């Protein structure tokens with residue numbers, strides 16, 4: 001994994017000047033990673049880490065914190081946050097694209113592809129299913 005430097009700031013110039021980072025312990029995490037990050041609002045990232053995960057908090061942070069920050073900062077820059085505008089409903093397809101973009105950015109910044117960043121053999125079938133499941137797909141003539 002690459003070490004943190006200023007590449008994130010130059011790669012995401014749309015980040016807010018100040019970002020609040022809130023960390024807490026808990027068990028509702030991605031089991032393989034031992035933590036989970038969330039872009040809560042346009043200036044806030046939350047990180048939950050399982051203190052009982054292999055190696056404890058320090059090991060989880062060493063392995064995954066930088067990558068999580070890259071991923072969540074990408075969400076901040078694009079405005080894809082939990083406390084988004086309630087007037088704008090997001091489709092499943094928008095969520096898939098947003099997570100894919102953040103995962104690709106995370107990979108490019110850190111040099112490591114996360115578990116969820118690789119394509120299984122059945123991915124092409126999923127794409128077709130998601131396109132047909134999206135409530136907004138009729139505007140694109142896909143119904």
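Details
- Euclidean distance between Cα centres, region 25-77 to region 100-120, Å: 15 Å
- The gain in end-to-end length when the residue 123 to residue 32 segment is fully stretched comes to 30.7 nm, 0.36 nm per residue minus the alpha carbon separation.
- Gain on full extension, evaluated as 0.36 nm per residue between residue 78 and residue 113 minus their Cα-Cα distance, stands at 10.5 nm.
- For region 7-140, radius of gyration divided by Kirkwood radius, i.e. Rg to Rh on alpha-carbons: 0.99
- Rounded FRET efficiency, nearest 0.05, which uses the C-beta distance separating residue 21 from residue 104 and R0 of 22 Å: 0.45
- Beta bridges per DSSP, both residues in region 7-140: antiparallel share near 55 percent.
- Extension gain for the segment residue 92 to residue 42, taken as residue separation times 0.36 nm less the Cα-Cα distance, is 15.9 nm to one decimal.
The numbers here are math on the coordinates, done by the rules we state, and not lab data. Everything quoted here is computed from the prediction, not taken from an experiment. Don't worry about glycine lacking a Cβ; one is built from the backbone with ideal geometry, like all the others, and counts go over all protein chains shown.
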